Amino acid sequence: GGIGYMIGKRWSIGAKIDYLTASNAKKKDARNKKTYMNLKVYPGVVYRSKYLNLGLNFIYQKETENIDIRTSEQVSSSVSIIRDIRDEALGGAAQVEFHTHRTRFFNQFSMLEKKQEIFKANYNKERGGEMKQRAYNYTGAFNVSGEKYNHYINLQADFSNMLGYENIQQKEVINQNSTWTQFGKKNKSSIESTVYDANYNLFRNRPAYNS
């Protein structure tokens, strides 16, 4: 849900919060369990004037997923595969919109830092890898409304760099308890992505007529 509040004639503040939790266990086999949580928070502020609108908002996202799959190797024994996956993202976005009676030009620039951690929950503190990603996005929309024709130009650009890490760790026994000690991590993959998109649409206004 979301909420907004006007401050004077030109300023407004607001926030949007989305929260989802679910249990995705298989109905036919109760041994397999899967829980999921997703939280998104978007607070922001907007300034409006005669020809210019400005916006600024903060982005926070958190997602957790616990996977517990039990597979039977023999009639009397089973193997449990447990994973905890934790995603977190932090960023922001800025909006600039120019508008007149017949034209409107909207621009949004956003940046998001993402991090994913995987834990092997069946071993104390054992990690199953990490991922970090930085993503930039530009979205533009230019509209011109004429007497006979309407013109729409949409622009999109995405840039991202994702790094995958392998955890350097060792299993140790401390006070008769098994635990995993972390010594750092090493980069094992790097993926860069760049995407551009632009499209143009033309619509002819339909004149009024009597049937």
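List pairs: first in region 154-181 and farther than 27 Å from LYS132 by Cβ, second of a type outside the set (A, V, I, L, M) and assigned to a loop (DSSP other than H, G, I, E, B), Cβ under 7 Å, 6+ apart or cross-chain?
Short answer, once both residue conditions are applied: SER178/ASN124.
Among (1) within 24 Å of ASP84 (Cβ to Cβ); (2) more than 27 Å from the chain's Cα centre (by Cα); (3) open to solvent by less than 50 Å² (accessible area, probe 1.4 Å), where does GLY129 come up short?
Failing condition for GLY129: (2).
Looking at (1) touching a residue at least 40 places away in the same chain (Cβ under 8 Å); (2) hydrophobic (A, V, I, L, M, F, W, C); (3) touching an Asp or Glu at 6+ places or on another chain (Cβ under 8 Å), find the lone condition where LEU112 falls short.
So the condition that LEU112 fails would be (3).
Select from region 68-78 the residues that are touching a strand residue (DSSP E or B) at 6+ places or on another chain (Cβ under 8 Å) and open to solvent by 50 Å² or more (accessible area, probe 1.4 Å) and write down the one among them that is modelled with the highest pLDDT.
Let us first name the residues in region 68-78 that are touching a strand residue (DSSP E or B) at 6+ places or on another chain (Cβ under 8 Å), namely 68-73, 78.
Subset that is open to solvent by 50 Å² or more (accessible area, probe 1.4 Å): 69-73, 78.
Details: ILE69: 70, ARG70: 66, THR71: 61, SER72: 57, GLU73: 54, SER78: 55.
Looking at the filtered set, the residue picked out is ILE69.
Where in region 111-204 are there strands (runs of 3 or more DSSP E), lying fully within it, with 1 or more residues that are in contact with a Leu (Cβ under 6 Å, 6 or more places away or on another chain) and of a type in the set (A, V, I, L, M, F, W, C)?
Numbers: elements: 127-145, 149-174, 177-204.
Per the criteria, 127-145, 177-204.
Hey, TYR138 hits all of (1) under 25 Å from ALA198 (Cα atoms); (2) buried (at least 16 other Cβ atoms within 10 Å of the Cβ); (3) aromatic (Phe, Trp, Tyr) but one; which does it fall short on?
Tallying (1) under 25 Å from ALA198 (Cα atoms); (2) buried (at least 16 other Cβ atoms within 10 Å of the Cβ); (3) aromatic (Phe, Trp, Tyr), TYR138 fails exactly one: (2).
Hey, among the residues in region 100-124 that are surrounded by 15 or more Cβ atoms within 10 Å (Cβ to Cβ) and among the charged types (D, E, K, R), which one's nearest to ILE67 (Cα to Cα)?
LYS120
Considering region 168-211 alone, what residues qualify as being surrounded by 10 or more Cβ atoms within 10 Å (Cβ to Cβ), under 24 Å from the mean Cα position of the chain (by Cα) and either under 30 Å from GLU126 (Cβ atoms) or modelled with pLDDT under 85 (or both)?
ASN187, LYS188, SER189, ILE191
Going through region 82-91 one residue at a time, which ones are closer than 16 Å to TYR42 by Cβ and surrounded by 15 or more Cβ atoms within 10 Å (Cβ to Cβ)?
GLU88, ALA89, GLY91
The values are calculated or read from the model by the stated rules, or taken from the named source; none is laboratory data. As the structure is a computational prediction, the values presented were derived from the model and not from experiment. Note that we place each Cβ from the backbone using ideal geometry, even for glycine, and neighbour counts take in every protein chain shown. SASA here: full protein model, heavy atoms, side chains in, ligands and nucleic acids out. Shrake-Rupley method; radii C 1.70, N 1.55, O 1.52, S 1.80 Å.
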